[in-house]
1. Could you give every pair whose Cβ atoms fall below 8 Å, whose first residue belongs to region 101-112 and is touching a residue at least 12 places away in the same chain (Cβ under 8 Å), and whose second residue is surrounded by fewer than 12 Cβ atoms within 10 Å (Cβ to Cβ), counting only separations of at least 6 or pairs across chains?
2. Are any of the residues in region 179-187 more than 16 Å from the ligand (Cβ to nearest atom) and surrounded by 18 or more Cβ atoms within 10 Å (Cβ to Cβ)?
3. So, of the residues in region 240-281 that are within 16 Å of the ligand (Cβ to nearest atom) and assigned to a loop (DSSP other than H, G, I, E, B), which turns out to be farthest from the chain's Cα centre (by Cα)?
4. Being within 14 Å of the ligand (Cβ to nearest atom) and within 19 Å of L216 (Cβ to Cβ) is the filter here, so list the residues in region 143-172 that pass it.
5. Restricting attention to region 174-205, which residues are over 19 Å from L111 (Cβ atoms) and in a helix (DSSP H, G or I)?
6. List pairs: first residue in region 146-159 and in contact (Cβ under 8 Å) with a residue 24 or more places away in the chain, second residue near the ligand (Cβ under 8 Å from one of its atoms) and assigned to a helix (DSSP H, G or I) anywhere in the structure, Cβ distance under 6 angstrom, at least six positions apart or on different chains.
7. What is the number of the single condition among (1) crowded, with 20+ Cβ neighbours inside 10 Å; (2) outside any loop (DSSP other than H, G, I, E, B) that V156 does not meet?
8. Could you run through region 98-136 and say how many residues are touching a Lys or Arg at 6+ places or on another chain (Cβ under 8 Å) and at pLDDT below 95?
Amino acid sequence: MNEVTTQLKNWLQFFRELGIEEFYARAPERVAEPLSAESAPVEFQSAAAAEQEGTHSPSTSVPRAVDPAPSAPRAAPAVSGRFLQAPGLFDAPAPSVPLAGETLDQISQDLGDCHRCKLAAGRKHIVFGQGNPHAELVFVGEGPGADEDEQGLPFVGRAGQLLNRMLQLIAIERKNVYICNVVKCRPPGNRTPETEEITACSPFLFRQIEAIQPRLVCCLGAPATKTVLGIKEGITKIHGRLYDYGSAKALATVHPAYVLRNPREEKILREDFEKIRDFLAHR
Ligand code: URA
């Protein structure tokens, strides 16, 4: 099965689970419109078009980068990107379609004992996410490591300790933020999650972000940045910039595990966390 077929299969399964059984094919030039005035600043692009551009965006909507960036990010409608129309089959919003008022518990129940990708076979625990369901700040990592798989909680190993230290630095308590990952099951040998795995899992991440409605999403490392913002450029180049992300903002920084391997780069992480603190200090 090629990637598009797999993605289509995942979408159909997702919509079926929501009780949506009927689909129609919409002409490619007609795109979804935002439901309300609040979501108007979000520009929309079909998933197929994004796919053609090679952005692999899991959603139809493309928040505009107001921050000058080397390339415009392509991203899912993180927050307040609600859709008016029923899904067309080929330009349908991805399974990440935000559902008004969905709770994290409902998303977790929907995830269930997930076997949507091959990572299920090797996991001990699904690592759904942890923290304040109404957090202003959401961290998105790459995927659980051995400690996280063992405990079923994100960022509890060495990288987690560094994350905790950075949070202390900016006087934010871990219990007040929400922490999750691009994939919820441990990739074997801590390898980078594969596209198919991210395609299967990231819809749940987008729904979590939509349910939480944070003010800021912090992407830790390249896979999170590519998944959330669609940015493929090196983190060391684009880190610390604020991007529009639906009605929220998003920022990318280096992964704590990268800093553990390259201790000199801790400065980047510190400076970006100070930017996070400064952003959250102002309404
Ligand atoms: N690295 C990640 O990306 N996520 C975790 O949860 C732990 C380590």
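1. Correct list of pairs: D110/E17.
2. no
3. Once the filter is applied, the top-ranked residue is N262.
4. Selection gives P154, F155, L163, N164, M166.
5. If the condition is that a residue be over 19 Å from L111 (Cβ atoms) and in a helix (DSSP H, G or I), then R174, K175, N176, P188, G189, N190, T195 are the ones that fit.
6. P154/E148; A159/P256; A159/A257
7. (2)
8. 3
The values are calculated or read from the model by the stated rules, or taken from the named source; none is laboratory data. None of these values were measured; they are calculated from a predicted model. Counting neighbours? That spans all protein chains shown, and the Cβs are built from the backbone with ideal geometry, glycine included.
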